[in-house]
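The values are calculated or read from the model by the stated rules, or taken from the named source; none is laboratory data. Because the structure is predicted, anything quoted here is derived from the model rather than measured. Cβ atoms come from the backbone with ideal geometry, glycine included; neighbour counts cover every protein chain shown. Ligands, DNA and RNA are excluded from the accessible area calculation, which covers all protein heavy atoms including side chains. Shrake-Rupley method; radii C 1.70, N 1.55, O 1.52, S 1.80 Å.
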Amino acid sequence: MKNNDWKIPFHAPEIPEELINAGYTPLLSAALALRGVRTKQDARIMTGSDVEIIHDPFLIKGMDKAAARLRKAIENREKTAVYGDYDVDGITSTCIVTDYLRSKGLECMPYIPDRNGEGYGLNCSALDVLHSAGVSLVITVDCGITAVEEAEYAKTIGVDMIITDHHECKDAALPDVAALIDCKQPGDSYPNGNLAGVGMALKLICACEGESREMTERYADLVAIGTVADVMPLVGENRCLVRKGLRQLEDPKRPGIAAMFREACVDTKKITASTVGYSLAPRLNAAGRLGKAATAAKLILSEDGKEASRLASELCELNRRRQSIETEIWEEANALLDGKTPTSPIVLASDRWHQGVIGIAASRLAEQYSLPAVMICLNGDTGKGSCRSFGDFNIFEALSACSEYLTGFGGHALAAGLNIRVEKLEEFKAALSCYYLENRPQKLPEVCCDMLINDPELLSIENVSSLEQLEPYGNMNPRPVMCMYGTHIESLSSVGNGKHLRMRVRLGRSRFECIFFSHNARELGINEGESVDMAFTPQINEFRGHQSVQLVVSAVRPHDPRALCEAILSGDSDSLYGAFRCCPDRDDFVRVWRSLEKKRTVGKTADTLLGDCPKEVKKETYCLCLAVFKETGLLRSGDGRIYGAEAVRIKGKADLDSTVIIRALKEYRRKYGQ
């Protein structure tokens, strides 16, 4: 990990007084301020304190027509079909609408296309199958917004359609159907433009029922699963729905979900968004990826415990198979790169890959190379691809710009799918590379810390426990990443058969237990007794009834003082919070001044300046000494900068202790302790 790829805020965390007065802990108040929350009212909304954000479904454009058509189907006992997508969002959406309509006495057929045989979205052959089965109304969930031709075909065979979707649809013709709802369609002003497909499905049945609260209580668990799995922003209404659903999942009422938790060995005492994202969603997704999405839907809809257990076991086996296929594809993709490090979006194609698994492999490539990745399965003269973005690069916008080389595409800013003819592959690759270079996203640090912890009291049990009020964490509501800078390692030990690293570190007089999963001290280049910089998230660890704070480390490196030194030298007074443990004493000032008297001038660059630091003095302390000398007039330069400044003698004795810098450092030391 490169030392210069870290971003650390050296200023003291902002702790709004209004939040403290309202009873929020200092750490939670600081975390809220990072999210722009500084008032009691905004904090109540953010933490969910007796504030429920559920918007009126009829605010969605077209919802009146959709609800009316669905009520008509219920009144006339029409045979209906729910046409979904094969990912978790689509599966849960399908189950919600199917279960609701069956509860209304309708004969309702769930239909999820085979990923490998039919591909994404509506197709005319499927409509023929449904029509021949007597279906007069098809309701799409999590798909359909681009199905213009399929909608026209449905009309010719006498099938009505209600389309519910949440995918992008700008600058495209919309299907002509009985009703269409998509909060991203032009002219829609629904307050939450980031509903998942499962959220749109919920809104449809809420509108049909004329009552949102009961329907939300009934289906919040499935809404939470679909929303988290589809990586929708966990703010506002989405956050409220997911929070409610996660509470329900701690005591799952659906036999299929309970069976899946048992099969995956999930402790349901505390279900978080991470539990859904890393334990439940991959197993449900595996079914869709390997052409068995109907099995996942059957599991969720099952009311029989034995059947649910059998289906859960089948899905877990599918997930193990998916993992094996994914690893093979990822290894082959890396081989195609032939050891070269790409500098523009990765576009790879093969006729050997499994269509349902390339999306995950594309995600791994995107993370590995910090670049968007497109992986395409070839079949004769055509190909189907899965695209994954990286950083803030909008892959949907990129595909839009390169659409002349594609036969079709769709998706989101972070993930999308495409269809392409083989002869257009190289042209598409070149066009995507050109678009990327013209719209290159801002390079992000490898490690981005939100808050510098220099006050050990911020990591008390009470403070850390209070962060639970920010759950569920996820997209647009990330877990706050904290940092210790120049902390001392007291001990290192391997755990988990050498797979993980346990650390004990000291900050001031306080000690903290840490765990760094899937890493060891040797590969990190750290040793006991050294100083390190450490990024982490704190959590409460419970063992035999005893609670303690544990730091879950996400990155660590040998201490690198350069960034803080540069902040000090630039005159950034806020950085003194990060530097107060390096406050110089009289001996430090003497050593630095003697060094200056020999050199007469300070180095003109950071490298030469830091290279002149006396061996007995910390580099941060050295820079603080220079800053104090500049404040007292012992260092002078024509441009007012420390770099290149000249050491001069002044009349009388310089009162170093009365400088603004030293007073600020000592105040921090008094407040937070050494």
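Quick notes
- Percentage relative contact order, the chain, counting C-alpha pairs under 8 Å, at least six apart: 11 percent
- Charging the Cβ of each Asp and Glu at -1 and of each Lys and Arg at +1, and nothing else, the dipole of region 18-176 about its Cα centre rounds to 600 debye.
- Accessible surface for region 71-156, divided over its residues, is 36 Å² per residue with a 1.4 Å probe.
- For region 264-368, the Kirkwood estimate of the hydrodynamic radius, built from every pair of different alpha carbons, is 15.5 Å.
- For region 429-487 and region 290-338, distance of Cα centres in Å: 31 Å
- Residue by residue, region 110-125 carries 3J(HN,Hα) couplings of x, 10, 10, x, 6, 4, 7, x, 10, x, 6, x, 5, 9, 5, 4 Hz when phi is fed to the Karplus relation 6.51 cos²θ - 1.76 cosθ + 1.60 (θ = phi - 60°); x denotes Gly or Pro.
- Accessible surface ranking for TRP6, TRP330, 1.4 angstrom probe, highest first: TRP330, TRP6.
- Measuring between their Cα centroids, region 184-207 and region 612-662 lie 61 Å from each other.
- Using only the C-alpha atoms, the convex hull of region 454-555 corresponds to 122 Å³ per residue.
- Accessible area in square angstrom per residue, region 375-450, 1.4 angstrom probe: 50 Å²
- Accessible area of the chain belonging to carbon and sulfur atoms, whole % at 1.4 Å probe: 46 percent
- Here region 37-110 is treated as a sphere whose radius is the Kirkwood value from Cα pairs; by Stokes-Einstein at 10 °C and 1.306 mPa s it diffuses with a coefficient of 105 µm²/s.
- Once backbone amide H atoms are built at 1.01 Å from N, SER554 has ALA535, PHE536, THR537 as its partners under 5 Å, excluding neighbours fewer than 5 places away on the same chain.
- Judged by the gyration tensor of its Cα atoms, with axes a ≥ b ≥ c, region 1-124 is oblate; a/c meets the 1.5 cut and b/c is at least as large as a/b.
- Relative contact order [Cα under 8 Å, 6+ residues apart], region 391-466, whole percent: 27 percent
- Shape category assigned to region 188-252 from the gyration tensor of Cα positions, a/c cut at 1.5: oblate
- Residues whose placed amide H lies under 5 Å from that of ALA179, excluding near-sequence neighbours: MET161, ILE163
- Computed with every protein chain present, the accessible area of SER595 is close to 30 Å² [probe 1.4 Å].
- C-alpha long axis of helix 88-103 to longest principal axis of the chain, angle in °: 40 degrees
- Antiparallel DSSP beta bridges within the chain, percent to nearest 5: 65 percent
- Shape call, the chain: gyration tensor on alpha carbons, a/c limit 1.5: prolate
- Value of relative contact order over region 444-537, rounded to a whole percent, pairs C-alpha under 8 Å and six or more apart: 30 percent
- Protection-proxy order for peptides 30-39, 646-655, 516-525, each taking the mean of Cβ atoms within 10 Å per residue, highest first: 30-39, 516-525, 646-655
- Given LYS270/LYS671; LYS244/LYS298; LYS7/LYS619, the pairs whose alpha carbons are separated by over 29 Å: LYS270/LYS671
- Directionally averaged shadow of region 158-285, computed from the convex hull of its alpha-carbon atoms, nm²: 9.3 nm²
- Counted charge near VAL532, where neighbours are those whose Cβ lies closer than 13 Å (Asp, Glu -1; Lys, Arg +1): -2
- Each part reduced to its alpha carbon centroid, region 361-388 and region 542-583 end up 38 Å apart.
- 3J(HN,Hα) couplings calculated from phi for region 76-84 with the Karplus curve 6.51 cos²θ - 1.76 cosθ + 1.60 (θ = phi - 60°) are, in sequence order, 8, 6, 6, 6, 10, 9, 10, 9, x Hz; Gly and Pro show x.
- Among 347-354, 620-627, 472-479, the order from most to least packed when residues are scored by Cβ within 10 Å on average: 620-627, 472-479, 347-354
- Taking the helices alone, the chain has a mean residue ellipticity at 222 nm of -12500 deg cm²/dmol, built from -39,500 (n - 2.57) per DSSP H run of at least 4 residues and averaged over all its residues.
- The residues of region 497-563 have, on average, 56 Å² of accessible surface per residue, using a 1.4 Å probe with all protein chains present.
- Note on region 477-525: Kirkwood radius taken over Cα pairs, Stokes-Einstein applied at 4 °C and 1.567 mPa s, translational D equal to 108 µm² s⁻¹.
- Over 23 Å between alpha carbons, listed pairs LYS598/LYS630; LYS40/LYS61; LYS599/LYS630; LYS598/LYS651; LYS72/LYS155: LYS40/LYS61
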